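The values are calculated or read from the model by the stated rules, or taken from the named source; none is laboratory data. Quick caveat: nothing in here was measured; it's all calculated off a predicted structure. Here Cβ is always computed from backbone atoms with ideal geometry, including for glycine, and neighbour counts include all displayed protein chains.
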Amino acid sequence: LDLLSRTQNALRNYLDFSLAFGADLRYLPHFHLPIPTKLRKIEFHTGLRGWLVSSYIRRTSESDDNVELSSAFKIACRNEDLISVEAAHSTQGRLCSDFISETTAKVKMGRAEYKAASSIHCEYGMKGASLQVIRSDENVKVVDLEAIQACSGQSCNTKVMVFIPEFMRTIKVESRVVEQEQDLYMIQTAVKHGDNILLQTEGSVMATFSSQMTRLQTALKINIFSRTHKIASTFILSENQVLIAFNVKNEQHSIFSGEWSMMTEGRPVRTTITFKFILPVLMDLEIDLIASDRYVRVMANSLLFPRSSSPRRVKSLTSVDLEHRKFNIDVSWDADDNPNMRVAATGYYMTKLADPHHTYIGTIQWMSQIYEVKVNFTALDPFAYFHGNGGLDVEITTTSQKALIFKMKNSAVEKENSCIWETLISYKNLKNEDHIFSSVIAWVKLDTPYNYKVMSELSYTSPEGHMTSVVTEAKHQTSSQERLVYLK
């Protein structure tokens, strides 16, 4: 395939452009397409108002698996070269087995001249790349990069070196991986900046991958700026278990630890979820959740500021018996020193199938006082867009048989051109005093020129029978030029 494209006639006087491409094609029956297999040349040239950009890649010789090419790139302005690059390339072998590519180049940028050399190796047991740039007039190395990976038997060594004298000292990265036994590897890594060791790592990694389980465990010793830390991590994924754990320690004590696990077992199926978080300067937390089709149980145990002179333990338990509709809640915020500093609730609840109605009967313990509680709750039907009647009745009886009663009733009525929401709240305190709050909000659709009207009435009745009301009314009018709201 040979391709030539260029400008001609009057257009060439304004934009001088040419592109030449030559390659050998090979037809692949599987794809039904001709695919380029050998490049012979690419030549590009463009000029505009005194600016010139030109480049080419040409094959100079070929024998067996050896290929030599030459290339050039130039940017010039009014016959003065700004950037000029001339390079020679040679390749040997095949890309996936014994491939070697070497390049030498001369680079001119203004008055500065550089020499560059690069190589890429992809041979059996060794892969690598290197780049060197030298300033020609002073014969000073500007950039020196090298990356090599060599594998033999059960070990694999990797080295990376970066040297840019004008900006930084030499950075070297060395790593070694040795397979000690099946699925177990020893790792060593070092990062150096000049003669200083920035990072040093050694330890083991276990990796197991199968259709039944995926397991990844690490136990590493890391030295950062002469400080040693130990890092251990575990990841397990199987049909009935998921585990993620992470732990960081220094030479004296633990710095951070975290764990999350989920396990399913038994018939009927029971799921257990455990979460642990340890930050010694702040807290030591553990949460366990056990769930089945019959019950749900959540337990939390945390120690706040464990290293301080006065740590505080907070414990909680929530248990719901789905089969017998019983529940138990217990929260203690000073479990070690003062067990009476707690709040607890026990009881049972009932529901009706005909309507969303719930009743709860039980006891609540606050500190050392125990109260009897009865709650009756009726929710608006969400499938009817929260229309209908709802309510909440709460009755709390103290040890002295005094009652605190809270009642709330609400209703929502929708008609063709209006909606009305009514709420009535009554509260009787321990002194047998009644407080009554009521609210009525109405929305009415109006004829032109108005769009709709909103009316609101809020009232409060004191125990002495005095009533205070606030009534507001708003109308909304819209035209093509403006919107008006009338408020009364």
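Table: residues versus (1) out of contact with any Ser or Thr (no Cβ under 9 Å at 6 or more places or on another chain); (2) in contact (Cβ under 8 Å) with a residue 24 or more places away in the chain; (3) at negative phi.
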| position | (1), (2), (3) |
| --- | --- |
| Cys419 | yes, yes, yes |
| Lys431 | yes, no, yes |
| Ser439 | no, no, yes |
| Met455 | no, no, yes |
| Ser459 | no, no, yes |
| Pro463 | yes, yes, yes |
| Ala474 | no, no, yes |
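How many of the residues in the range 18-40 are surrounded by fewer than 15 Cβ atoms within 10 Å (Cβ to Cβ) and assigned to a strand (DSSP E or B)?
Here is the first cut: in the range 18-40, the residues surrounded by fewer than 15 Cβ atoms within 10 Å (Cβ to Cβ) are 19, 24-38.
This time we only want the ones that are assigned to a strand (DSSP E or B), so: 19, 24-28, 33-38.
Qualifying residue count for the region: 12.
Results for (1) surrounded by 14 or more Cβ atoms within 10 Å (Cβ to Cβ); (2) under 23 Å from Thr378 (Cα atoms), shown as yes or no for each residue.
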residue	(1), (2)
Lys409	yes, yes
Leu424	yes, yes
Leu430	no, no
Phe437	yes, yes
Ile441	yes, yes
Lys445	no, no
Tyr450	yes, no
Pro463	no, no
Ser469	no, no
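Candidates Ser261, Ser238, Ser302, Ser292: the one that is over 30 Å from Arg342 (Cβ atoms), out of contact with any Asp or Glu (no Cβ under 6 Å at 6 or more places or on another chain) and of a type in the set (S, T, N, Q) is Ser238.
When Asp24, Asp16 are screened for being closer than 30 Å to Ile100 by Cα and either among the aromatic types (Phe, Trp, Tyr) or touching a Ser or Thr at 6+ places or on another chain (Cβ under 7 Å) (or both), only Asp24 passes. Considering Phe31, Phe73, Phe21, the condition of being of a type outside the set (D, E, K, R) and closer than 17 Å to His89 by Cβ is satisfied by Phe73 alone. In summary, Ala147 fulfils each of the numbered conditions (1) out of contact with any Ser or Thr (no Cβ under 8 Å at 6 or more places or on another chain); (2) more than 30 Å from Ala76 (Cβ to Cβ) with the single exception of condition (1). Scan the range 323-353 for residues that are of a type outside the set (Lys, Arg), more than 17 Å from Gln365 (Cβ to Cβ), in contact with a strand residue (DSSP E or B) (Cβ under 6 Å, 6 or more places away or on another chain) and in a loop (DSSP other than H, G, I, E, B) and the total you get is 1. Within the range 66-96, if we keep just the residues that are loosely packed, with under 13 Cβ neighbours inside 10 Å and at negative phi, the residue that is farthest from the chain's Cα centre (by Cα) turns out to be Glu80. Restricted to the range 200-236, and to residues there that are surrounded by fewer than 14 Cβ atoms within 10 Å (Cβ to Cβ) and among the aromatic types (Phe, Trp, Tyr), the residue that is nearest to the chain's Cα centre (by Cα) is Phe209. Scanning the range 125-147 for residues that are of a type in the set (S, T, N, Q) and in contact (Cβ under 8 Å) with a residue 12 or more places away in the chain gives Ser130, Gln132, Ser136.
All of Lys221, Lys192 fail the test of being part of a strand (DSSP E or B) and within 30 Å of Gln241 (Cα to Cα), apart from Lys221.
Residues checked against (1) under 30 Å from Phe235 (Cβ atoms); (2) in contact (Cβ under 8 Å) with a residue 12 or more places away in the chain; (3) in the same structural domain as Ala245 (by TED's automatic domain parsing); (4) not charged (D, E, K, R):
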{"site": "Ser119", "(1), (2), (3), (4)": "no, yes, no, yes"}
{"site": "Gln149", "(1), (2), (3), (4)": "yes, yes, no, yes"}
{"site": "Val162", "(1), (2), (3), (4)": "no, yes, no, yes"}
{"site": "Ala190", "(1), (2), (3), (4)": "yes, yes, no, yes"}
{"site": "Phe209", "(1), (2), (3), (4)": "yes, no, no, yes"}
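The listed residues are Val440, Val454, Val471, Val413, and the only one of them that is within 27 Å of Asn389 (Cβ to Cβ) and in contact with a Cys (Cβ under 9 Å, 6 or more places away or on another chain) turns out to be Val413. Considering only residues that are among the aromatic types (Phe, Trp, Tyr) and either more than 43 Å from the chain's Cα centre (by Cα) or crowded, with 16+ Cβ neighbours inside 10 Å (or both), which ones fall in the range 103-128? Within the range 103-128, just Tyr114 meets the criteria. With respect to (1) in contact with a Pro (Cβ under 9 Å, 6 or more places away or on another chain); (2) free of Cβ contacts under 8 Å to residues at least 24 places away in the same chain, the lone exception for Val281 is condition (2). For Leu446, the stated conditions hold: it is touching a Lys or Arg at 6+ places or on another chain (Cβ under 9 Å) and at pLDDT below 85. Scanning the range 454-479 for residues that are of a type in the set (D, E, K, R) and either under 51 Å from the mean Cα position of the chain (by Cα) or in a strand (DSSP E or B) (or both) gives Glu457, Glu473, Lys475.
Of the conditions (1) modelled with pLDDT under 85; (2) touching a Phe, Trp or Tyr at 6+ places or on another chain (Cβ under 8 Å); (3) not in a loop (DSSP other than H, G, I, E, B), Thr399 fails just one. Which one is it? With respect to (1) modelled with pLDDT under 85; (2) touching a Phe, Trp or Tyr at 6+ places or on another chain (Cβ under 8 Å); (3) not in a loop (DSSP other than H, G, I, E, B), Thr399 is out only on (3). Of the residues in the range 471-481, at least one is modelled with pLDDT of 80 or more, among the hydrophobic types (A, V, I, L, M, F, W, C) and over 30 Å from Val394 (Cβ atoms). Is there a residue being modelled with pLDDT under 90, within 25 Å of Arg169 (Cα to Cα) and aliphatic (A, V, I, L, M) anywhere in the range 117-131? Among the residues of the range 117-131, not one is modelled with pLDDT under 90, within 25 Å of Arg169 (Cα to Cα) and aliphatic (A, V, I, L, M), which makes the answer no.
Screening the candidates Ile236, Ile255, Ile187 for the property of being touching a Leu at 6+ places or on another chain (Cβ under 9 Å), part of a strand (DSSP E or B) and modelled with pLDDT under 90 yields one hit, Ile255. Considered as a group, the residues in the range 292-307 that are small (Gly, Ala, Ser) and either assigned to a strand (DSSP E or B) or not assigned by TED's automatic domain parsing to the domain that holds Met262 (or both) include one that is nearest to Asn328 (Cα to Cα), and that residue is Ala300.
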